[in-house]
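Reviewing the structure listed below.
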Amino acid sequence: MDLQQHLDELKELGLYRRMRLVSGPQGPRVVLDGKPVLLLCSSNYLGLADHPRVREAAADAAMRWGVGTGGARTVAGSMTVHRRLEERIAAFHGTGAALLHGSGYLASLGVVGALASEPGALVLVDELAHASLHDGCALAGAETRAYRHGDVEHLATLMGSAAGRPKLIVTDSVFPTEGDVAPLEELVLLARRHRARLVVDESHAIGCLGPGGRGALAEAGLEGEVDVVIGSLAKALGAYGAYAACDVTTARFLANRSRTLLASTAPPPPAVAGALAALDLLVEQPHRVDKLVANADTLRAELAREGFETAGSTTQLIPIVVGDAGLAVRIREAALEGGIFAEALRPPTVAPGTSRLRLAVMASHTKAELREAAQVLGRAALRCGFRPAAGVPVVATHGVRAAAFFDGQAPDITEVARAA
Ligand SMILES: Cc1ncc(COP(=O)(O)O)c(C=O)c1O
């Protein structure tokens, strides 16, 4: 492959990514490539990443334990700070145990890879689940079927045709590209009926919804009803790393079989201690969660006033589907000129033809900022020839194509162009 040619093609198709330079902490106002903007694409939902107590905890941990961990915890040993955070997470979720991993991506890979490695296993994964969960299925090498997004009937049909086999259901609770919530109660019932294991990735739900910010399972009254909860520490908790919360036996199994735990260095003490301080803040001061929920409602209402459809979003993640990747990029750039930094999600993050602006609300945004953001986006969309009220319907354009898209290796970009 000619790498430069590949990059040129990505640019032509509106699929090229570049990293922008942010000066200072994660928002809500940042200096981006030298220009002050309002950040609407950070997962620092509660503003804890630079909270004084979180910073201090991270700095203290660096002084006490150093910066690196010297290897995987099964090799170089587990530090007391790891153990302490695991105990706090287990108490937070009401599970018997929790097991830290290096990141959310690694946790998904390790957990799904380990649980799906049982001979003859069938893995059933929501087609719009995060890429890390799909990659975990691939790592396991097990037969994997993607069910239509949130469609429990489709899932039941797939499960019905695999009687007698070990089964693993894998889903996000809050879907990062859609901002909607999985039908968790039905999934729990279905898993029980079919004796399937159920893994729920709560990365975008922890600190964002449910009583005390304990997530979507807690909101649905389903704490303790699933086999493994995955949670990233890099989103509302503002740090880095991730965990699998589960019972003691499952944790011991994962500590023996999660390849990303066994073959990767343990998360660094400053990140672990920072997450611990952030978790304490979440428990002590849950008002930030209410503010986040209220802010998300405000932005949805302001976007509706501008004529935007926000699909099935009920959370702090709000998509505006525009369809074409190039159009999403043009609107993003026009919004940036107006001082609003929103992310343009394009293939392979979303299915071809469903590119979108994806807005991430923070508890620290003001109502005035959210109103201004919606107005800037409205003007940007019009300037780029996108009439908000005539937006592309979201779910209808996804379907199984999204799963097929993620199933394989990196997509052929010319195929993406044709499909789009
Ligand atoms: C649902 C979900 N799971 C896992 C991850 C990966 O988490 P991390 O950023 O900690 O690797 C993400 C990242 O965006 C995510 O959206």
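Taking Lys and Arg as +1 and Asp and Glu as -1, the other residues whose beta-carbon sits under 9 Å from that of ALA342 total +1. Annotation: aspartates and glutamates with alpha-carbon distance below 16 angstrom to LYS11 (same-chain offsets under eight excluded): ASP2, ASP324, GLU333, ASP412, GLU415. For the range 78-199, a crude dipole built from +1 on the beta carbon of Lys and Arg and -1 on the beta carbon of Asp and Glu, taken about the Cα centre, is about 540 debye to the nearest 20. Calculated [222 nm] ellipticity per residue, helices only, for the chain: -13000 deg cm²/dmol; basis is -39500 (n - 2.57) per DSSP H run with n ≥ 4, divided by all residues, nearest 500.
As a test, work out the antiparallel percent of DSSP beta bridges whose residues both lie in the range 142-244, rounded to the nearest 5. Kindly include the intermediate steps, with their values, before the conclusion.
Numbers: 4 of 12 bridges.
Antiparallel bridges: around 35 percent, rounded to the nearest 5.
Reported value for the range 235-337: 202 Å³ per residue, from the convex hull of its C-alpha atoms. Considering only alpha-carbon pairs that sit under 8 angstrom and 6 or more positions apart, the relative contact order computed for the range 236-312 is 31 percent. For LYS291, the aspartates and glutamates whose Cα falls under 17 Å of its own Cα, not counting residues fewer than eight places away in the same chain, are GLU219, GLU302, GLU369.
Label positions at THR157 and ASP290, each projected 7 Å from the Cα along the C-beta direction, are separated by 4.5 nm. Sorted ascending by nearby beta carbons within 10 Å, beginning with the fewest, SER161, SER355, SER313 become SER161, SER313, SER355. For the pair SER78 and ASP280, a Förster radius of 25 Å applied to the C-beta separation gives a FRET efficiency near 0.75, rounded to the nearest 0.05. Bridge orientation summary for the range 52-284: considering DSSP beta bridges with both residues in this region, about 35 percent are antiparallel. Every pair of different Cα atoms in the range 1-49 enters the Kirkwood calculation, which places the hydrodynamic radius at 12.9 Å.
Taking the DSSP beta bridges in the chain as the whole, what percent of them are antiparallel, to the nearest 5? Restricted to the chain, the bridges split so that about 55 percent are antiparallel. Fewest-first ordering of THR314, THR69 by other beta carbons within 10 Å of each residue's beta carbon gives THR314, THR69.
Quick one: in the range 57-176, what % of C-alpha pairs are over 25 Å apart?
Across the range 57-176, Cα pairs with separations above 25 Å total 39 percent.
With contacts taken as Cα pairs under 8 Å at a separation of at least 6 residues, the range 52-284 carries a relative contact order of 31 percent. Averaging 1/r over each pair of different alpha-carbon atoms in the range 52-284 and inverting the result gives 17.6 Å, the Kirkwood hydrodynamic radius.
Note on LYS167, LYS367: ascending count of other Cβ atoms within 10 Å places them as LYS367, LYS167, the fewest first. Rounded to two decimals, the Cα-based Rg/Rh of the chain, with Kirkwood Rh, is 0.96.
About its Cα centre, the chain has a charge dipole of approximately 500 debye under the convention of +1 per Lys or Arg Cβ and -1 per Asp or Glu Cβ, with nothing else charged.
Bear in mind that the values in this text are calculations on the coordinates, not laboratory data. Quick caveat: nothing in here was measured; it's all calculated off a predicted structure. A quick note on method: Cβ atoms are made from the backbone with ideal geometry, for glycine too, and the neighbour counts reach across all protein chains shown.
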